[in-house]
Amino acid sequence: MTLVQTLAGKEIVVAVTGSIAAVETIKLIHALRRRGATVQAVMSPAATGIIHPDALTYASGRETVQRISGMVEHVQYCGDDGSADLLLIAPCTANTLGKIAAGIDDTTVTTFATTAIGSRKPVIIVPAMHHSMYRHPAVLENIKRLKLWGIECAEPRIEEGKAKIADTEEIVLRCERAVLDQPLKGQRVVITSGPCREPVDDVRVLTTRSSGRMGRALALQAYRLGAAVTVVHRDTFPCVNNVHSETAEEMRTAVLDIFSGTGADIYISAAAISDFAPRKIDGKIPSGKKAHLDLEPLPKLLDEVIKKYSPTTIAFKLGRDQEKKAQEMITKGDIAMVLVNAPETMDSEHGDYTMMMQCDTSVLTGTKDEIAVAVWKKYCSKHPV
């Protein structure tokens, strides 16, 4: 599947230090390039003992920088007029963290870091080390200090006694957010996503074919564009606040708690929230026998949120015959945008939507990532912050 070229025209310096997690760097460089980025690899002497520089040259398509030469590569890429849009240090060892925090630049990587910080280019560090090292007070203080300087830290995954390098997808998302315009900066976005599961008996549930792909795409694109994103669903997405819910009632409670607490500026109702819930039967319905479900209608969460909190709202309607209803919702003025889609788009990587706004209707076709980009582009053009 072709990915949206979110990093097209962007140049990222990937600086690699002497952690065993350096073996993940080839995959990371490929992921950045698949998003359209140009990548320049830089290695510390210790990193060349973990992975051969030729491997990164192959992955990036550029000669790997191993030393600062008369070409003053650190200035060429990360100086005041340097060509790089971002310095990504992945993985970043405890040793390198300490040197950067102290302003020491005795390796290729730390010299690039000193130059980038001085020129105020975006810098992201991705720590990776043994957990005992990561817990060291000096390491934690160094990370805190770098954050105060505006340097972003992709926190490690704590597994098997190690502070492992963050997932590639998370690192790429952080890079995208760092170099893209941020029209949603300062905006709080709440998204309901995916299916609900209503218990029928102790082992069975009533649900839909919704996969949550559209909600995921909208959430990650909002994050890229600078928003603080909360997703209420039964999954886990990177870089956003995930609030778990299984049933429609759990989703309703979670959403209302968010609005009554921290609040939100934008509400996207992308979940296939249950319209009915069966009256739960204790135990397990015996197999081989007829069973009758007593379905109770559920309140409309969308209506409740609009009535109580009046956020800027984006809604979804399922079924091509719903366009008239969607237009009525828009005309009423409570909803900024409605996306109407056919049932066959559920549980699919691709979508076919009619996007409806006041005096503006268009058809969106493509992957759900592409559709999310188009939705937010249209929204931001109509609602500049």
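The values are calculated or read from the model by the stated rules, or taken from the named source; none is laboratory data. Bear in mind that the values here come from a model prediction, so they are computed numbers and not experimental data. Virtual Cβ from ideal backbone geometry, glycine too; neighbours counted across all protein chains shown.
Pairs meeting the criteria (first residue in the range 145-161 and surrounded by 10 or more Cβ atoms within 10 Å (Cβ to Cβ), second residue part of a helix (DSSP H, G or I) and among the small types (G, A, S), beta carbons under 9 Å, at least 6 apart or on different chains) are R145/A101; L146/A101; W149/A101; I151/A113; E152/A178; P156/A21. Report, by residue number, each residue of the range 68-80 that is assigned to a helix (DSSP H, G or I) and either without any contact (Cβ under 8 Å) to a residue 12 or more places away in the chain or under 18 Å from I171 (Cα atoms) (or both). The one that is assigned to a helix (DSSP H, G or I) and either without any contact (Cβ under 8 Å) to a residue 12 or more places away in the chain or under 18 Å from I171 (Cα atoms) (or both): Q76. Sub-6 Å Cβ pairs linking a first residue in the range 87-112 that is under 13 Å from I165 (Cβ atoms) to a second residue that is in a loop (DSSP other than H, G, I, E, B), at least 6 apart or interchain, are P91/S19; P91/A128; P91/I165; C92/T17; T93/T17; T93/G18; T93/S19, ordered by first then second residue. Pairing each residue of the range 253-275 that is free of Cβ contacts under 8 Å to residues at least 60 places away in the same chain with any residue that is aliphatic (A, V, I, L, M), provided the two are 6+ apart or on different chains, yields C-beta distances under 8 Å for A254/V232; A254/V243; L256/V305; D275/L298. Within the range 149-156, is even one residue over 23 Å from the mean Cα position of the chain (by Cα) and at pLDDT 95 or above? Within the range 149-156, one or more residues are over 23 Å from the mean Cα position of the chain (by Cα) and at pLDDT 95 or above. Checking each residue in the range 309-321 for being surrounded by fewer than 14 Cβ atoms within 10 Å (Cβ to Cβ) and either at pLDDT 95 or above or out of contact with any helix residue (DSSP H, G or I) (no Cβ under 7 Å at 6 or more places or on another chain) (or both) picks out S310, R320, D321.
Look at I281 and say whether it is farther than 22 Å from V189 by Cα and in contact with an Asp or Glu (Cβ under 6 Å, 6 or more places away or on another chain). So I281 fits the description; yes. Of the residues S310, S260, S245, the single one that is within 25 Å of M346 (Cβ to Cβ), among the polar types (S, T, N, Q) and out of contact with any Pro (no Cβ under 6 Å at 6 or more places or on another chain) is S245. Total residues in the range 327-385 satisfying the condition of being part of a helix (DSSP H, G or I) and in contact with a His (Cβ under 8 Å, 6 or more places away or on another chain): the figure is 1. Restricting the first member to the range 116-130 and to residues that are polar (S, T, N, Q), and the second to residues that are in a loop (DSSP other than H, G, I, E, B), the beta-carbon pairs closer than 8 Å and six or more apart or on different chains are S119/G79; S119/D80; S119/G82.
Is it the case, given these coordinates, that D54 is on the phi < 0 side of the Ramachandran plot, part of a loop (DSSP other than H, G, I, E, B) and of a type outside the set (A, V, I, L, M, F, W, C)? Considered against the rule, which asks whether it is on the phi < 0 side of the Ramachandran plot, part of a loop (DSSP other than H, G, I, E, B) and of a type outside the set (A, V, I, L, M, F, W, C), D54 comes out as no.
Restricting the range 322-364 to residues that are of a type in the set (S, T, Y) and surrounded by 12 or more Cβ atoms within 10 Å (Cβ to Cβ) leaves a set whose member that is nearest to C380 (Cα to Cα) is T361. Within the range 1-59, the set of residues being in contact (Cβ under 8 Å) with a residue 60 or more places away in the chain, farther than 30 Å from K377 by Cα and surrounded by 24 or more Cβ atoms within 10 Å (Cβ to Cβ) comprises A15, V16, T17, S19, A21, A22, T25, V42, M43, S44, A47. Across the range 258-278, the qualifying residues are those that are over 24 Å from the mean Cα position of the chain (by Cα) and surrounded by 12 or more Cβ atoms within 10 Å (Cβ to Cβ), and the one among them that is farthest from V205 (Cα to Cα) is D275.
The set of residues from the range 119-135 being closer than 19 Å to E170 by Cα and in contact with a Lys or Arg (Cβ under 8 Å, 6 or more places away or on another chain) comprises I124, A128, M129. Look at T192 and say whether it is in contact with a helix residue (DSSP H, G or I) (Cβ under 7 Å, 6 or more places away or on another chain), surrounded by fewer than 23 Cβ atoms within 10 Å (Cβ to Cβ) and closer than 27 Å to P384 by Cβ. No, not satisfied.
Look at the range 220-234: where a residue is aromatic (F, W, Y) and a partner is modelled with pLDDT of 95 or more, sitting 6+ places away or on another chain with Cβ atoms under 6 Å, you get Y223/V229; Y223/C239; Y223/V240. The residue that is nearest to the chain's Cα centre (by Cα), among those in the range 60-85 that are surrounded by 14 or more Cβ atoms within 10 Å (Cβ to Cβ) and aliphatic (A, V, I, L, M), is A84.
Checked against (1) over 23 Å from the mean Cα position of the chain (by Cα); (2) more than 27 Å from Q182 (Cα to Cα), M356 passes all but condition (2).
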